[in-house]
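K.L.:
Take a look at this one; I'll ask things after.
A short reminder: the numbers here are calculations on the coordinates, not readings from a lab. These figures come from a predicted structure and were not determined experimentally. Neighbour counts run over all protein chains shown; Cβ positions are idealised from the backbone, glycine included.
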Amino acid sequence: MQDYSKQNFSLATDYTSWLEGIIDSINDGVLVIDSRGIVQFINKEYTEITGVRRNKIIGRYLIDVRKGAVLPKTLRDGKRRSGIQRKEGNNRYIVDMAPIYIRGKKAGAVSVLKSLNEVHDLAKELEKNQEKLGKLEKTMGQIYKTSYTFDDIVGGDDGLKESVNLSKKAAHSNLNILIQGESGTGKELFAHAIHHESPRSNHPFVPVNCAAIPTSLLETELFGYEEGTFTDSKKGGKIGLFELAHLGTLFLDEIGDMPLELQAKLLRVLQDGRIRKVGSLAEQALDVQVITATNKDLENMVKKDKFREDLYYRLNGIQIAIPPLRKRKNDLNVLINHLLSQEDISSSLTLTSEAREVLQQYDWPGNTRELFNVIQYGINMIDNEMIELQHLPEPIRKQGRFTKTFQQETLKDILLETEQAVIQETLENCGHTLEGKKKAANKLGISLATLYNKINNSSR
Ligand SMILES: Nc1ncnc2c1ncn2[C@@H]1O[C@H](COP(=O)(O)OP(=O)(O)OP(=O)(O)O)[C@@H](O)[C@H]1O
Ligand SMILES: [Mg+2]
């Protein structure tokens with residue numbers, strides 16, 4: 001056998017010093033007792049951690065110097081112990097203990113001490129970060145929260161009430177919800193109200209406008225990506241909106257605009273209840289209720305192969321159809337009054353009956369949004385607190401001209417007025433240039449000269 005102490009460790013004075021050097025250089029505290037329980041060795045780190053110097057402990061019974069020491073017990077019962085927590089002043093540490101056997105005979109025991117201060121510092125850092133995270137989550141909660149409830153949905157029309165009742169039931173289900181309705185009917189308002197009513201209301205409501213996000217970005221927006229997936233990808237990757245909506249609601253607005261290739265991916269996520277970030281192999285389970293909305297006829301799109309049939313049925317767990325405003329005109333006044341009272345705290349703003357009548361006759365292709373815009377326009381046009389016919393936008397007035405109620409007017413006046421309205425309407429469509437006038441005259445079946453005559457008559 002080679003004698004390492006003499007041949008190879010020429011720098012060390014002897015083998016024992018070499019070993020001591022090694023043990024002194026390690027990061028953990030070490031204490032060794034012999035078979036009698038007398039301390040034979042401690043390293044530098046032991047002194048660092050406990051504050052006990054060599055001359056105060058070497059050669060003494062451990063139990064005399066360190067009251068409550070557990071190592072003599074290990075010596076007696078020969079059992080290994082680990083993870084015992086101790087505290088010395090401000091220093092906290094954990095201790096592992098083991099008996100020492102030499103040629104099968106118990107020769108002593110060793111304690112290895114690991115300082116917890118570093119761990120403690122890390123724990124404090126973690127605590128701070130968790131606090132920060134909590135604040136961020138709170139901020140996020142404020143960003144991703146709903147702004148409207150069912151109380152904000154104004155109207156007593158039976159069709160609308162039916163949609164509201166169905167939506168309330170949908171809110172308490174876990175089914176996917178598809179909201180269909182023309183532009184401006186309140187689809188987004190309904191989506192907010194459903195989330196607010198649902199047991200998910202304390203979790204995020206994440207809206208995504210599928211038509212507003214470029215196709216190339218939509219996938220990573222929805223599912224996120226793993227770090228290093230793209231050359232310019234963010235450090236740490238990107239969290240997807242699906243993940244952000246975990247436990248809450250994801251509102252996919254304008255779903256009819258989602259490209260077909262992404263529809264396939266969305267279908268897979270909805271079927272599996274799991275997402276996989278772009279560039280990642282791992283899947284992640286998610287609990288998200290999906291609300292979709294569109295003003296397109298999805299069923300028709302399915303027929304034309306523009307929307308996946310399987311996805312359509314997936315999304316269509318409960319379908320809520322919001323009736324257009326022209327089919328619930330009895331709600332017009334309550335909607336108008338609602339907006340007026342919001343705009344005017346003194347609630348003295350009002351509309352003339354003539355103006356209200358014209359609004360009743362209009363078709364409202366832009367639905368409630370258009371109605372609110374028209375009223376806003378009127379509020380900006382008035383000098384006092386009365387919105388009159390003249391304060392309404394031109395297209396509404398135009399329609400009103402044909403449908404207004406005539407009071408105490410002679411037939412001649414009514415005919416003249418209607419004739420002028422028709423002429424103006426045709427000129428608006430054909431243009432006021434000479435070419436436009438020729439076209440208008442042709443359309444109305446009169447000569448250009450007669451048209452000029454009638455225009456001139458009206459300005460007299
Ligand atoms: N029943 C209602 N009561 C009160 N406000 C309503 C109602 N319906 C719609 N609104 C209001 O009308 C406006 C348009 O509603 P919203 O944006 O929800 O419509 P939308 O159907 O999502 O329209 P689009 O298809 O154009 O996206 C909003 O200001 C909304 O608050
Ligand atoms: Mg909308």
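K.L.:
Which order do Asp253, Asp28 fall in if you start with the one that has the fewest other Cβ atoms within 10 Å?
P.N.:
Fewest-to-most Cβ neighbours within 10 Å comes out as Asp28, Asp253.
K.L.:
What share of the DSSP beta bridges in region 189-301 is antiparallel, in percent to the nearest 5?
P.N.:
Bridges in region 189-301 that DSSP calls antiparallel: roughly 30 percent.
K.L.:
With 10 angstrom as the radius, rank Thr47, Thr450 by how many other C-beta atoms surround their C-beta, starting from the fewest.
P.N.:
Sorted ascending by nearby Cβ count, the order is Thr450, Thr47.
K.L.:
In terms of the Cα gyration tensor, with a ≥ b ≥ c the square roots of its eigenvalues, is the chain rounded because a/c is under 1.5, prolate because a/b exceeds b/c, or oblate?
P.N.:
Because a/c hits 1.5 or more and a/b exceeds b/c, the chain counts as prolate.
K.L.:
OK, next. By a straight-distance test (C-alpha under 29 Å), which lysines pair with Lys73 as possible cross-link partners, with residues fewer than eight away in the same chain excluded?
P.N.:
Within the straight-line cut-off, Lys73 pairs with Lys44, Lys56, Lys87, Lys105, Lys106, Lys114.
K.L.:
What does the extension gain come out to for Glu394 and Arg369, with contour length at 0.36 nm per residue minus their alpha carbon separation?
P.N.:
Going from the current span to full extension adds 7.3 nm.
K.L.:
To continue, here is another question. So between Ser216 and Arg76, what do we pick up on full extension, going 0.36 nm a residue minus the alpha carbon distance?
P.N.:
Here the answer is 43.3 nm.
K.L.:
Work out the FRET efficiency for Thr352 and Val119 from their Cβ-Cβ distance, taking R0 = 56 Å, and round it to the nearest 0.05.
P.N.:
That gives a FRET efficiency of 0.15.
K.L.:
Which ordering of Tyr15, Tyr312 is given by a fewest-first count of other beta-carbon atoms within 10 Å?
P.N.:
Ranked by crowding around the Cβ, least crowded first: Tyr15, Tyr312.
K.L.:
Here is a further query. Determine the shape class of region 326-404: with a ≥ b ≥ c the square roots of the Cα gyration tensor eigenvalues, call it rounded for a/c under 1.5, and otherwise prolate if a/b is greater than b/c, oblate otherwise.
P.N.:
Oblate.
K.L.:
Ok, one more. Nearest 0.05, what FRET efficiency do Tyr15 and Asn91 give at R0 = 22 Å with Cβ-Cβ as r?
P.N.:
Efficiency computed from Cβ-Cβ geometry: 0.10.
K.L.:
Count charges around His203 for me, please; just the other residues with Cβ under 14 Å from its Cβ, Lys/Arg as +1, Asp/Glu as -1.
P.N.:
Result for the local shell: -1.
K.L.:
Where the centroid of each part is defined by its Cα atoms, how far is region 249-263 from region 106-177 in Å?
P.N.:
When both Cα centres are located, 25 Å separates them.
K.L.:
Taking 41 Å as R0, compute the FRET efficiency from the Cβ-Cβ separation of Lys329 and Phe230 and round it to 0.05.
P.N.:
So, using R0 = 41 Å, E works out to roughly 0.20.
K.L.:
Report D for region 125-189 in µm² per second (integer): Stokes-Einstein, Kirkwood Rh on Cα pairs, 37 °C, 0.692 mPa s.
P.N.:
220
K.L.:
Kindly flag which residue pairs out of Lys135/Lys169; Lys168/Lys296; Lys306/Lys398; Lys187/Lys329; Lys161/Lys304 have an alpha-carbon separation exceeding 29 Å in this structure.
P.N.:
Cα-Cα > 29 Å for Lys135/Lys169; Lys306/Lys398; Lys161/Lys304; rest within.
K.L.:
On to the next question. Need one word for region 235-331: rounded, prolate or oblate. Basis is the Cα gyration tensor (sqrt eigenvalues a ≥ b ≥ c); a/c below 1.5 gives rounded, then a/b vs b/c decides.
P.N.:
It is prolate, given that a/c is not under 1.5 and a/b is the larger ratio.
K.L.:
If each residue of separation counts as 0.36 nm, what is the full-extension length gain between Ser173 and Asp383 once their alpha-carbon separation is subtracted?
P.N.:
The Ser173-Asp383 span can extend by a further 70.6 nm.
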